[in-house]
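Single-structure report; data block below.
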Amino acid sequence: MEVSDEDRLLRYQFGPDFLELRTIGTELTFSIGDKPVKDLVMIERHYFRDKLIKSFEFDFKFCIPHTTNSWEVIYEMPELSDEEKKDIISSPWETKSDSFFFVQNKLVMHTRAIYDYSPFDD
């Protein structure tokens, strides 16, 4: 079964207070099939409109077959001016990220996410 680009698009609505945080934590859980995986690298890039806000790179040197692994990361939030925060809050879904997963320098998956930091409806 082929997975479409739309299937790999995640949508997050965090609200404006999220932009005031200094750090956030995330956890990614993934399973390995029958074969070992060497040199798994994830590169994640966050953009507002066409401007790069933050970039991360993480790597696993080796993943054992038939295992479930979790990858927990504490991110430092980028420094944003009050004007940048205002623009982001007033522009739902214009903040985006791309996550690229490589195994031995070969791209194996690309996921995208879009973000909404506008106020929640009460």
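Some notes on this structure:
- Sequence ranges 47-56, 19-28, ranked by mean other-Cβ count within 10 angstrom, highest first: 47-56, 19-28
- Listed candidates [x] 19.6, 59; [y] 16.4, 50; [z] 15.3, 55 - label of the one calculated as Rg and Dmax of the Cα atoms in Å: [y]
- Theoretical FRET efficiency, 1/(1+(r/R0)^6), r = Cβ-Cβ of LYS106 and LYS51, R0 25 Å, to 0.05: 0.30
- Net charge dipole size for the chain [Lys, Arg +1 and Asp, Glu -1 on Cβ; Debye, nearest 20]: 580 debye
- Environment charge of THR26, counting only residues whose C-beta is closer than 14 Å and scoring Lys/Arg +1, Asp/Glu -1: -3
- Structural descriptor for the stretch 23-122: relative contact order 32 percent, calculated from alpha carbon pairs under 8 angstrom and at least 6 residues apart.
- Dipole of the stretch 1-92 [Lys/Arg +1, Asp/Glu -1 at C-beta], most positive-end residue of SER70, ILE89, HIS46: SER70
- Total lysine pairs whose alpha carbons fall under 27 Å of each other in the stretch 14-122 (8 or more apart, or interchain): 17
- Neighbours of TYR47, meaning other residues whose beta-carbon lies under 10 angstrom from its beta-carbon, give a summed charge of +2 when Lys and Arg score +1 and Asp and Glu score -1.
- Derived scalar couplings ³J(HN,Hα) [the stretch 100-105; Karplus, 6.51 cos²θ - 1.76 cosθ + 1.60; whole Hz; x for Gly, Pro]: 10, 10, 10, 10, 6, 6
- Most positive-pole-ward Cα, TYR117, PHE56, LEU107, against dipole of the chain from beta carbon charges: LEU107
- Under 13 Å, Cβ to Cβ, from ILE64 - net charge with Lys/Arg +1 and Asp/Glu -1: +2
- Length-normalised contact order for the stretch 28-70 - Cα pairs under 8 Å, 6+ apart - percent: 55 percent
- 1.4 Å probe accessible area per residue over the chain, in Å²: 71 Å²
- Long-range amide H partners of LEU80 with built H, under 5 Å: none
- Here the Karplus relation 6.51 cos²θ - 1.76 cosθ + 1.60, evaluated at θ = phi - 60°, turns the backbone of the stretch 83-89 into coupling constants of 5, 5, 4, 4, 4, 5, 5 Hz, with x for every Gly and Pro.
- Within the chain, antiparallel bridges make up roughly 90 percent of the DSSP beta bridges whose residues both belong there.
- Percent carbon-and-sulfur accessible area, the chain, ignoring ligands, DNA and RNA, probe 1.4 Å: 50 percent
The values are calculated or read from the model by the stated rules, or taken from the named source; none is laboratory data. Remember, predicted model here, so these are calculated numbers, not experimental data. Here Cβ is always computed from backbone atoms with ideal geometry, including for glycine, and neighbour counts include all displayed protein chains. Note: accessible area is taken over every heavy atom of the protein model, side chains too, but ligands, DNA and RNA are not part of it. Shrake-Rupley method; radii C 1.70, N 1.55, O 1.52, S 1.80 Å.
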